[in-house]
Each structure stands twice: as C-alpha cells, then as structure tokens.
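What follows is a short report on a single structure.
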Amino acid sequence: SCMSVAADGLTVKAAEILGKKEDLKILTEIYESAKRDIIKSMRENSVKESDYEWIPGTFNAETTSLFGCLSSYYPCGILDKDDPLIKGTLRRVEEKGISEGGLPVGTGWLKDGLWVAMALDNFSAAYLEMERYDDAAKFLYPVLNHASPFVTWCEERGVEPGSAVKTGDWQHLWTPLSVGRYVRDALINEKKGALNILCGIPREWLADGCEISVKGAVTYLGKIDFAAKRTRNKLVLRLKSDKDLQRVILHLRLPEKDKKFVCSACKFDGEKAIFENIGTTLKVEIEII
C-alpha cells in the first residue's frame, strides 16, 4: 500500500516536470487523498504496546512478518523519521532481540526466525537515511556470514547456527541484491544534491593502513572515481567526476571515535568533511589529531 501511494507521488512529480497543468490538479488530489487515508489506516491499525506503538507487516497483526514495516518512511516518504510510529517500529525491531549471529530475530513468519535480507534491505536502508550510520553498518557482516550457498540465503531460516529450519523461497536472490545495494549506498550515494562518500562503511575499513577505492560509480551527480587512504594520522582523498560537483561530504568513520580533523579545503561537522564547489577533481589531505 505504501509503495502504491509513493507511486502516486511520483506521478505528480512527472506531471510537474512535463508541465501537465490540467492533469497535475487531479493527480495531486488523488495522491493527497491516498496519503491521508494510508496514514489514518496505519495509526488506527498499529499494534499498541504499553508506552509505544508500531507498524506490523499486516495491519493490526502482532504475530506477522515485519517485512516493509519501515517503508512508509523509506523509501516512500509518507511518514517522517521522527513520527512516533517510525520510532516505535524501530524500537520493536530492537527489543525483539539480535541473534547470536548478529541479525534481528522474528522478522519473518517463523516465531523466532531470521529473514536475512530484511536486515539490510529494510532496516539498514532506513538507518542510512536517518544518518544512524553505526546502526546501519552493524548488519552487513552478519548478513554476509549467513550466506552458505543453497542453504542459508533462503528467504527465512531458523535462528540457531547451522539451522535445518528453512522456509519461503530457496536461494533467495533478494539477499545478494540487498548486499549489493547496501554496499553501494554505504560507499557512495546522493542525498539532497550532495555526494556522500563512505557514510555507511564499517569503521574498521578506515583503520590505519587501509585504503578504499571505487572506480566508475554511476550516480545522479556524475560518474565517480575515488580513493581514500588512511596512513596513521593522515587521510588522503582523491576524487574525479565527469560532471562538476557542488557538494561532497566525506564521512570520516574511523575506528577511533574521539578524533578531530584539520584541513583548510573543507569545513567539518563532527565526522563529516564538507567540500563545496569542487568542480570535477578533488585531492586533499586531512590531518587526524
């Protein structure tokens, strides 16, 4: 339902871009009406706990899958990240617990099962959008570690190591697609006209002596090559684009969280190095103190 409403919103944008003024009025009314209706339905059919409420996969069904429970926030943009339903849904996921292997428990039809793909596809994707980067990155290795061919990348599996419990589609392609999508967005993504670099990587990827490089990444802001290399107290970024870039944000996700940074070519906001109007090339050295 959320995807359908989001599609109505995209139709409105298409009408705006194409200058279809007569269609725009009708399409806007359809979208706004559908959005009001689905928000009303989500609020009326949420599962109420003692001090919070959350969105189940099927309205008002506490025992069902949590698939798509955050889609009203991301990617559909129907609810804001600070909406009590979104906060409550994330709380529900977190309170249900994490398996020995590091994945959210009880996300599918099995009472205590693991729907492996959802950890990245639903939850980490939402955390990335919220800029909760440590929360987003924490599921990458656990998903990879559940990837024995033909066995554990089924749609859903039991929680215990080496589980013989499997259900749904076998060798589920959704899981490797979720891995690929998350790694891409963790390394490079576009948000509000800015190119974000390394926002969702595990922190150990920028330990002393590590280098991360990407070649030929296709983005809405251009085709990008970049490399970031950490050597002791210095980090060097080299970036090249086939289009002028107005804003680049390098996320300095070091294993050490108490560091400060010095570089005359940018301004800093916590762990973000922000570069403005750089053109097509960028080479900088950031001092770590």
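The values are calculated or read from the model by the stated rules, or taken from the named source; none is laboratory data. Everything quoted here is computed from the prediction, not taken from an experiment. Using ideal geometry, Cβ is built from the backbone for each residue, glycine included, and neighbour counts are taken over all protein chains shown. Keep in mind that these areas ignore ligands, DNA and RNA; they rest on the heavy atoms of the full protein, side chains included. Shrake-Rupley method; radii C 1.70, N 1.55, O 1.52, S 1.80 Å.
Placing dummy labels 7 Å off each Cα toward the beta-carbon, the span from T219 to K13 is 1.7 nm.
Restricting things to alpha carbons, find the Rg to Rh ratio for the stretch 20-74 using the Kirkwood radius for Rh. Mind showing how you got there, number by number?
Details: Rg = 14.8 Å, Rh = 12.9 Å.
Taking Rg over the Kirkwood Rh, I get 1.15.
Under the criterion of Cα pairs below 8 Å and six or more residues apart, the relative contact order for the stretch 120-207 equals 27 percent. Only one of (i) 212; (ii) 155; (iii) 183 was calculated from the structure for volume of the Cα convex hull per residue in Å³, and its label is (ii). Each helix, a run of at least 4 DSSP H residues, gives -39500 (n - 2.57); summed and divided by the residues of the chain, these come to -9000 deg cm²/dmol at 222 nm.
Cα-based Rg of the stretch 73-180 per 2.2 N^0.38 Å, rounded to two decimals? Show your work: numbers first, answer last.
On the way: Rg = 13.6 Å, N = 108, 2.2 N^0.38 = 13.0 Å.
Rounded to two decimals, the normalised Rg is 1.05.
Each DSSP beta bridge with both residues in the chain is either parallel or antiparallel, and the antiparallel ones are about 95%.
Projected onto their three principal axes, the Cα atoms of the stretch 123-201 cover extents of 45, 20, 16 Å, largest first.
Projecting the Cα atoms of F261, T28, S72 onto the charge dipole of the chain, computed from C-beta unit charges around the Cα centre, puts F261 farthest toward the positive end.
Taken along the Cα-to-beta-carbon direction at a fixed 7 Å, the label points for I98 and E204 span 1.4 nm. Rounded to the nearest whole angstrom, the semi-axes of the ellipsoid equivalent to the stretch 162-250, taken from the Cα gyration tensor as √(5λ), stand at 30, 19, 10, largest first.
On average, how much accessible surface per residue is there in the chain, in Å², for a 1.4 Å probe, leaving out ligands, DNA and RNA? Show your work: numbers first, answer last.
On the way: 15000 Å² over 289 residues.
Ligands and nucleic acids excluded, the result is 52 Å² per residue.
Summing +1 for each Lys or Arg and -1 for each Asp or Glu among the other residues whose beta-carbon sits under 10 angstrom from that of L250 gives +1. Computed over every Cα-Cα pair of the stretch 48-111 and binned at 10 Å starting from 0, the pair-distance distribution P(r) comes out as 22, 54, 24, 1 percent. Measuring spread by the Cα atoms of the stretch 138-289 yields a radius of gyration and Dmax of 18.3, 57 Å.
Placing unit charges on C-beta atoms (Lys and Arg positive, Asp and Glu negative, everything else neutral), compute the dipole magnitude of the stretch 60-213 about its Cα centre in debye, rounded to 20. About 160 debye. In whole angstrom, the stretch 205-255 maps to an equivalent ellipsoid with semi-axes of 23, 11, 9, each derived as √(5λ) from the alpha carbon gyration tensor and ordered largest first.
Counting only protein heavy atoms and a probe of 1.4 Å, the accessible surface of the stretch 161-241 is 57% carbon and sulfur. About the centre of its Cα atoms, the chain shows a dipole size close to 980 debye [charges on the beta carbon of Lys, Arg (+1) and Asp, Glu (-1) only; nearest 20 debye].
By the rule of a C-alpha distance below 16 Å, with chain neighbours fewer than 8 residues away ignored, the lysines paired with K259 are K234, K267, K272.
The relative contact order of the stretch 1-130, computed from alpha carbon pairs under 8 Å that lie at least 6 residues apart in sequence, is 19 percent. Seen from all directions on average, the stretch 1-130 presents a Cα convex hull projection of 8.4 nm².
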